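Written below as structure tokens is the structure these notes are about.
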Amino acid sequence: MSARNPDTKAEILRIGKQFIQFYGYNAFSYADIARELNVKNAAVHYHFRGKEDLLMALIDNYIENYQLLAKQLQHSKITAIGKLEKFIEPYSCLCESDSICIIGSIASDYNTLPESVKAKISALIDLVMGMVEQTLAEGKKHGELHFSETARTQALLIMTNLAAGVQLARISGKKDYTIIRKALIKQLKG
């Protein structure tokens, strides 16, 4: 692949995301990406000056995807449970691919990350948590969902259980993730 090939940038992002989700942010280098793509390190640096830039681009992609999902859900007639399933689906895909969520994979490296990346991660978390919290509040208001905690606390419980469930599945197997996923929905149905 040529360094100026527009597909190279997308491939760098794809492989960088895989490495982060499988190994962690600090556990790979641009040399690993270059080797995987069969290009020189300079080709990777051409598109992303450093790992900080790569991670920022990945988080920007997540933010864009969640903003798109928010617009789709806002104008849909999907039930609250259906909307929650849309938030759960990516975690199920991660479990199937033996990966973990981007937040979970960089959490252990958080203290070593540049402040600009930390701010971007916070924006992503705020966006996702806000969407889940809003879905829960609306579902409770319309009698679709039942929970005793605040919508914010319930959103935290759901999202942390999903992230931890995906990580646990790497060790104990996918069946445990499935149990967690089903239990979360069952509890909300009352």
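Please enumerate the residues belonging to region 177-190 that are loosely packed, with under 15 Cβ neighbours inside 10 Å, closer than 16 Å to Leu94 by Cβ and among the charged types (D, E, K, R).
The answer is none; no residue qualifies.
Residue check, Ile100 against (1) surrounded by 15 or more Cβ atoms within 10 Å (Cβ to Cβ); (2) assigned to a helix (DSSP H, G or I); (3) β-branched (Val, Ile, Thr), all met but one. Which one?
Unmet for Ile100, out of (1) surrounded by 15 or more Cβ atoms within 10 Å (Cβ to Cβ); (2) assigned to a helix (DSSP H, G or I); (3) β-branched (Val, Ile, Thr): (2).
Give me a count of the residues in region 117-172 that are surrounded by fewer than 19 Cβ atoms within 10 Å (Cβ to Cβ), in contact with an Asp or Glu (Cβ under 7 Å, 6 or more places away or on another chain) and over 28 Å from Ser97 (Cβ atoms).
The number of residues fulfilling the criteria is 1.
Looking only at residues that are among the β-branched types (Val, Ile, Thr) and under 13 Å from the mean Cα position of the chain (by Cα) in region 154-168, which one is farthest from Asp126 (Cα to Cα)?
Val166
If the requirement is being outside the structural domain of Thr8 (by TED's automatic domain parsing), within 27 Å of Leu157 (Cβ to Cβ), modelled with pLDDT of 95 or more and surrounded by 12 or more Cβ atoms within 10 Å (Cβ to Cβ), which of these qualifies: Ile78, Ile63?
Checking each option against the conditions leaves just Ile63.
Report whether or not Ala34 is at pLDDT below 90, farther than 21 Å from Arg181 by Cβ, surrounded by 14 or more Cβ atoms within 10 Å (Cβ to Cβ) and touching a helix residue (DSSP H, G or I) at 6+ places or on another chain (Cβ under 6 Å).
Taking the combined requirement at face value, the residue does not satisfy it.
In region 76-128, how many residues are of a type in the set (Lys, Arg) and in contact (Cβ under 8 Å) with a residue 40 or more places away in the chain?
Count: 2.
Every residue, every condition in (1) assigned by TED's automatic domain parsing to the domain that holds Ala31; (2) more than 25 Å from Ala27 (Cβ to Cβ); (3) more than 12 Å from the chain's Cα centre (by Cα), yes or no:
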position	(1), (2), (3)
Ala43	yes, no, yes
Ala57	no, no, yes
Leu73	no, yes, yes
Ser92	no, no, no
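Which members of region 72-90 meet the condition of being out of contact with any helix residue (DSSP H, G or I) (no Cβ under 7 Å at 6 or more places or on another chain) and not charged (D, E, K, R)? Walk me through it before giving the result.
Quick first cut of region 72-90, residues out of contact with any helix residue (DSSP H, G or I) (no Cβ under 7 Å at 6 or more places or on another chain) only: 72, 74-79, 82, 85, 89-90.
Those that are out of contact with any helix residue (DSSP H, G or I) (no Cβ under 7 Å at 6 or more places or on another chain) and not charged (D, E, K, R): Gln72, Gln74, His75, Ser76, Ile78, Thr79, Gly82, Pro90.
The values are calculated or read from the model by the stated rules, or taken from the named source; none is laboratory data. Keep in mind it's a predicted model, so treat the numbers as computed, not measured. So basically every Cβ, Gly included, is an ideal-geometry build from the backbone, and we count neighbours across all protein chains shown.
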